[in-house]
Structure formats: C-alpha cells, structure tokens
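Participant: Got a structure for you, questions after.
The values are calculated or read from the model by the stated rules, or taken from the named source; none is laboratory data. Predicted model only: the values in this text are computed from it and were never measured. Reconstructed Cβ throughout: ideal geometry from the backbone, glycine too, with neighbour counts over all protein chains shown.
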Amino acid sequence: MDWGLKNRLAKIIKPQNKRGVMLAVDHGYFLGPTEKLEVPKKTIAPLLPYADSLMLTRGVLRTSVDANFPVPVVLRVSGGASIIGKDLSNEKITTSVKEAIRLNATALAMSIFVGAAHEHESLVSLGNLVNEGEEYGIPVLAVTAVGKELEKRDARYLSLACRMAAEFGAHLVKTYYCENFEKVVTSCPVPVIIAGGPKLATEMDVFNLTYDALQAGASGVDMGRNIWQNDHPVAMIKAVRAIVHQRVTAKEAHEIFKKIKAEPAQKSEPAKKTKPKK
C-alpha cells in the first residue's frame with residue numbers, strides 16, 4: 001500500500017484510535033429528497049465540524065458543501081436505480097475516477113449486491129474500481145447493500161458479503177449491525193464501518209447500536225438519518241462521536257445528548273425577575 005493511499009485512509013479512520021465518524025448524506029441518489037435532507041446544504045453545514053468524513057454524491061458536493069471546509073470526502077460513484085424502480089441492485093459506476101480526483105475525493109464508495117439479481121455486475125465493478133483507484137492511490141469503500149428482495153441481515157450473510165468485498169480489494173467495508181457481529185468483523189481483513197440504516201425509534205437505540213458495534217470490533221460509523229432526522233442533529237452527532245472517539249458508554253452518550261440538547265433552550269430562556277428585598 002503506497003503512501004498516498006495510506007494517507008487518505010488515515011483521514012477517514014484516525015490512526016490515533018483506528019476509528020472514524022462518517023456522515024452519510026448520499027441518500028438522494030436513489031431516495032430523492034429524503035425527509036430533512038430536502039435542502040442538503042442546510043442539513044450538512046451545522047454537522048460538518050463534527051464529522052471525520054462526509055459520504056455523498058458529486059452533485060451534492062458541488063452544490064451544498066463549502067469548498068473552504070477541509071472535510072475528507074468519500075464520494076459515492078455508483079447508482080442508476082431508484083426506490084420506485086424494479087431492482088435496486090441494478091447499479092453501475094456513474095462517476096469516473098478522473099472526476100473524483102478533480103473533486104479532491106479522499107475515497108470512492110460503491111454498493112455491492114451479494115445474492116441479488118445484479119450481483120455479478122456489482123462485484124466486477126468493484127474489482128475494476130479498485131484497479132483504477134489504486135492507480136491514483138485512492139481507496140475504495142464497498143457498501144454491502146441489501147435490496148428490496150434481501151431483507152435478511154444475519155451474520156452469515158453479512159460475513160459473506162464483507163469478506164467478498166475485501167477479497168475483491170476494497171480497503172474499507174460498510175455494512176449493517178447484526179447479532180454475532182463480531183463474526184462479521186473477525187472474518188473481514190479490512191476495517192468495517194457500521195451503517196446507521198433507517199431511523200431508529202429512540203436515541204438510546206442509536207447509541208446502543210453504535211456502542212455494541214464498536215465493542216464487537218467495528219472501526220467506526222457511517223450515519224445519516226439517525227443523526228440529521230433527529231430534532232437535535234448536532235447533539236446526536238456529538239454524542240455518537242463521544243462513543244466512537246472518547247469510548248463513552250451508550251448511557252453516557254445519552255447524557256451528553258440530553259445536556260447538549262438542553263443548552264439552546266437554557267440560553268434562550270429570559271432571566272427570571274427577582275422581587276426586590278424590602
């Protein structure tokens with residue numbers, strides 16, 4: 001592994017603790033204007049200072065991220081199917097490595113669909129992307145996507161998908177948390193990042209997911225909806241960051257969340273008038 005590739009990976013997974021916080025805002029490429037991501041610039045701006053890296057498409061990068069802010073970019077380069085289409089697994093490479101270099105991407109990201117109709121195409125595309133990315137020292141993040149027809153997310157399936165991604169040359173793998181997740185991590189020879197997935201019912205669910213995944217060996221999180229669909233997104237990302245980098249527990253993260261959430265309300269409350277002493 002050459003210096004440039006190592007250096008780029010170190011911007012995503014911090015070498016001090018081998019962990020990272022990635023903010024996912026690439027949902028629009030197949031979901032369209034997702035709730036609370038209708039105006040990406042408005043959603044992204046307050047969260048940028050607390051993300052180690054940002055996962056997004058070139059369109060949102062160009063239009064919605066301040067070019068003067070030095071955030072590492074994990075650029076999604078695959079797509080071609082929508083949530084209303086017949087087959088979410090029918091993706092192809094949509095953004096060239098040359099374009100990624102022009103956009104100063106730190107890493108490239110694409111989905112693979114193990115067990116789906118277009119499994120072969122996605123895996124071959126992964127191999128080709130790794131080949132091309134390594135020519136320029138750019139690492140590849142493989143996302144073990146699950147289409148409509150693949151709802152099963154157990155350790156056996158995810159171990160297969162993650163291991164295949166690593167075997168095809170991916171430098172990082174993003175996947176879902178599941179029971180016996182340590183088996184998924186142990187059998188994957190490259191860092192595994194946990195996906196936040198759909199919005200969970202409570203903040204504690206998010207913190208438990210993050211904590212449990214890290215305890216099982218995950219190298220970080222790539223969260224989107226569980227952060228920016230919350231009514232207090234900055235408090236959420238700060239609390240998640242505390243679990244990742246400060247190694248606090250889920251319960252401690254929840255206390256951090258509640259404290260930060262309360263701060264604006266406290267500041268905006270008018271001072272209580274005291275009666276003058278007689």
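Participant: Looking at V190, V173, V124, V140 in this structure, which one is at pLDDT 95 or above, touching a Gly at 6+ places or on another chain (Cβ under 7 Å) and of a type in the set (A, V, I, L, M)?
Facilitator: Values: V190 fails: touching a Gly at 6+ places or on another chain (Cβ under 7 Å); V173 fails: touching a Gly at 6+ places or on another chain (Cβ under 7 Å); V124 fails: touching a Gly at 6+ places or on another chain (Cβ under 7 Å).
Selected residue: V140, the only one of V190, V173, V124, V140 that is at pLDDT 95 or above, touching a Gly at 6+ places or on another chain (Cβ under 7 Å) and of a type in the set (A, V, I, L, M).
Participant: Anything in the stretch 61-91 that is surrounded by fewer than 19 Cβ atoms within 10 Å (Cβ to Cβ) and either among the acidic types (D, E) or touching a His at 6+ places or on another chain (Cβ under 8 Å) (or both)? List them, or say none.
Facilitator: Residues satisfying the conditions are D66, D87, N90.
Participant: Another question, if that's okay. Within the stretch 172-183, which residues are part of a strand (DSSP E or B) and polar (S, T, N, Q)?
Facilitator: T175
Participant: Can you name every one of the helices (runs of 4 or more DSSP H) wholly within the stretch 184-266 that holds 3 or more residues which are under 27 Å from T34 (Cα atoms) and either among the basic types (K, R) or free of Cβ contacts under 8 Å to residues at least 24 places away in the same chain (or both)?
Facilitator: Numbers: elements: 203-215, 225-228, 233-245.
Answer list for the stretch 184-266: 233-245.
Participant: Touching a helix residue (DSSP H, G or I) at 6+ places or on another chain (Cβ under 7 Å) and at pLDDT below 95: which single residue out of C162, C178 fits that description?
Facilitator: Values: C162 fails: at pLDDT below 95.
Only one candidate passes the filter, namely C178.
Participant: For a quick check of your reading of the model, give me the residue pairs whose first member lies in the stretch 124-146 and is farther than 12 Å from V77 by Cα, whose second is in a helix (DSSP H, G or I) and among the aromatic types (F, W, Y), with beta-carbon atoms closer than 9 Å and at least 6 apart or on different chains.
Facilitator: From the stretch 124-146, the pairs are G137/W3; T144/Y157; V146/Y157.
Participant: Also: May I ask you to list the residues in the stretch 206-234 that are of a type in the set (G, A, S) and under 14 Å from I44 (Cα atoms)?
Facilitator: Correct list: G224 only.
Participant: Would you be able to say whether some residue in the stretch 137-149 is out of contact with any strand residue (DSSP E or B) (no Cβ under 7 Å at 6 or more places or on another chain), buried (at least 17 other Cβ atoms within 10 Å of the Cβ) and of a type in the set (G, A, S)? Before you say what the answer is, go through the steps one by one.
Facilitator: Going through the stretch 137-149, the residues out of contact with any strand residue (DSSP E or B) (no Cβ under 7 Å at 6 or more places or on another chain) turn out to be 137, 146-149.
Now restrict to residues that are buried (at least 17 other Cβ atoms within 10 Å of the Cβ): 146-147.
Cutting the leftovers down to of a type in the set (G, A, S) gives us 147.
For the stretch 137-149, residues out of contact with any strand residue (DSSP E or B) (no Cβ under 7 Å at 6 or more places or on another chain), buried (at least 17 other Cβ atoms within 10 Å of the Cβ) and of a type in the set (G, A, S): present.
Rundown of residues vs (1) within 17 Å of L9 (Cβ to Cβ); (2) polar (S, T, N, Q); (3) at pLDDT below 95; (4) out of contact with any strand residue (DSSP E or B) (no Cβ under 6 Å at 6 or more places or on another chain), yes/no style:
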{"residue": "G79", "(1), (2), (3), (4)": "no, no, no, yes"}
{"residue": "I101", "(1), (2), (3), (4)": "yes, no, no, yes"}
{"residue": "T106", "(1), (2), (3), (4)": "yes, yes, no, no"}
{"residue": "S111", "(1), (2), (3), (4)": "no, yes, no, no"}
